[in-house]
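Right, one structure below, let's go through it.
The values are calculated or read from the model by the stated rules, or taken from the named source; none is laboratory data. What you see is a predicted model; the values in this text were computed from it and never measured. Cβ placement follows ideal geometry from the backbone for every residue including glycine, while neighbour counts extend to all protein chains displayed.
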Amino acid sequence: MKRVIVGLSGGVDSSVAAYLLKEQGYEVIGLFMKNWHDDSVTISDECPWLDDSNDAMLVADKLGIPFQTVDLSEQYKERIVDYMFNEYEKGRTPNPDVLCNREIKFDVFMKIALELGADYVATGHYCRKGTIEKNGKETYQLLAGADDNKDQSYFLCQLSQEQLAKALFPVGELQKPEVRKIAAEQDLITADKKDSQGLCFIGKVRLPEFLQQQLKPKEGVIVEVPESNQAYHKTTPAFSTKKEELAYLAEKSNYALTDGKVVGKHQGAHYFTKGQRKGLAVGGTIEPLFVIDTDVTENVIYTGQGKNHPGLYKKALFVANEEVHWIREDLALQVDQSMEVSARIRYRQELQKATLHQVDFGMYVEFEKPQSAIQEGQFVAWYQDEELLGSGVIS
């Protein structure tokens with residue numbers, strides 16, 4: 001009997017994952033990760049870790065599997081929370097969920113599981129794992145979950161072949177309603193439990209308050225940049241190479257106070273991200289204002305009216321070489337090679353047609369259609385059909 005350690009989170013997906021593995025004849029052990037215990041920043045009673053660990057324990061008890069809790073809060077603070085503060089301080093927008101999978105669940109947690117003699121680690125993610133034979137060795141594929149509405153492959157876009165080799169995703173073939181039905185039939189306490197929202201393991205957090213713990217408020221101005229700004233009406237230059245064109249398409253706009261008019265004040269540019277609409281507290285515009293850029297050095301937020309404002313859109317983005325990550329290392333591009341893919345720049349975004357272009361210092365992702373609110377610090381993930389091939393941090 002192969003031993004599988006399931007990351008029991010106290011939610012319905014991991015509960016059903018544990019049940020299915022037990023049915024398949026594995027020796028199953030439930031492990032709850034305690035990653036956070038500062039309730040001062042979580043909203044009301046949304047997802048305090050105590051309730052979750054109790055639910056996980058009751059599920060383990062019901063399934064008749066051993067259960068224990070591991071405290072990873074130190075590693076979580078170091079690798080996730082500190083990283084987040086650091087990124088926001090630089091005016092970038094991190095994705096803690098992607099990092100949490102790479103750094104905590106499939107690294108720290110996986111090492112503990114393997115020390116406990118596990119053959120595999122399982123989670124309740126909606127994605128699937130494929131295996132193909134290539135040049136006489138097994139290569140693992142990360143495939144989208146069967147439930148289009150719940151596919152979570154994007155959150156696992158930074159996994160490696162070594163991590164995938166030891167991973168199992170038992171609910172990946174199922175639709176969410178089927179998972180709830182199984183939980184109800186097995187009388188699991190989590191059957192009707194709401195899906196957790198907010199930061200991986202912390203729960204619903206008031207982000208500004210969370211950030212204010214480290215990043216001090218600092219008053220600055222909000223500037224509205226009109227669509228008539230000449231930056232949006234330049235004629236496109238002639239390019240002698242594709243690389244020149246890509247650099248032009250991916251270039252970040254640089255705004256100055258003279259590009260618009262001051263329409264309000266804010267408490268810190270580092271609390272805002274590109275594409276954000278809420279929290280600006282500026283009225284009197286025909287269409288709502290959206291953040292088109294933040295300047296954390298000068299502490300200025302640049303905004304534009306309406307979700308079609310040209311300041312929100314770009315056709316290409318860049319990922320530096322050290323941030324390019326291939327799950328399918330065998331398909332990694334060499335310099336001057338390109339590849340047609342589908343890509344997304346955030347979870348839940350529909351896949352967009354794009355082309356990868358590998359250059360000497362990194363990779364450009366060129367989209368067929370302009371994309372809204374491309375945020376530095378977020379992850380772009382690229383797919384072919386339903387397989388996620390790789391990802392990178394947007395520079």
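Scanning segment 130-150 for residues being surrounded by 22 or more Cβ atoms within 10 Å (Cβ to Cβ) and touching a residue at least 40 places away in the same chain (Cβ under 8 Å) gives a total of 1.
Of all residues in segment 318-345, exactly one satisfies the criterion of being free of Cβ contacts under 8 Å to residues at least 40 places away in the same chain and either closer than 24 Å to N308 by Cα or assigned to a helix (DSSP H, G or I) (or both), namely E322. Of all positions in segment 371-385, at least one carries a residue that is in a loop (DSSP other than H, G, I, E, B), acidic (D, E) and either farther than 25 Å from Y140 by Cβ or modelled with pLDDT of 95 or more (or both).
Just to check your reading of the model, which residue among Y313, Y364 is crowded, with 22+ Cβ neighbours inside 10 Å and hydroxyl-bearing (S, T, Y)? Y364 is the lone residue from the list that is crowded, with 22+ Cβ neighbours inside 10 Å and hydroxyl-bearing (S, T, Y).
Could you please give the count of residues in segment 64-83 that are in a helix (DSSP H, G or I) and without any contact (Cβ under 8 Å) to a residue 60 or more places away in the chain?
So the count comes out to 9.
Among the residues making up segment 93-117, those that are more than 18 Å from Y154 (Cβ to Cβ) and surrounded by fewer than 22 Cβ atoms within 10 Å (Cβ to Cβ) are D107, V108, M110, K111, I112, L114, E115, L116, G117. Just so you know, in segment 27-46 the residues that are surrounded by 23 or more Cβ atoms within 10 Å (Cβ to Cβ) and not in a strand (DSSP E or B) include one that is modelled with the highest pLDDT, and it is N35. Residue count for segment 118-129 under the criterion of being part of a strand (DSSP E or B), surrounded by fewer than 23 Cβ atoms within 10 Å (Cβ to Cβ) and of a type outside the set (K, R): the result is 2. Of the residues making up segment 105-121, those that are aliphatic (A, V, I, L, M), more than 16 Å from E27 (Cα to Cα) and out of contact with any helix residue (DSSP H, G or I) (no Cβ under 6 Å at 6 or more places or on another chain) are M110, I112. Filter segment 220-261 down to the residues that are modelled with pLDDT under 95 and in contact with a strand residue (DSSP E or B) (Cβ under 7 Å, 6 or more places away or on another chain) and list them by number. The answer is S253, and nothing else. Among the residues in segment 49-67, are any at pLDDT below 80 and touching a strand residue (DSSP E or B) at 6+ places or on another chain (Cβ under 8 Å)? For segment 49-67, residues at pLDDT below 80 and touching a strand residue (DSSP E or B) at 6+ places or on another chain (Cβ under 8 Å): present. Conditions first: (1) at pLDDT 95 or above; (2) under 19 Å from the mean Cα position of the chain (by Cα). E115 passes all but one, so which condition is the exception? E115 satisfies every listed condition except (2).
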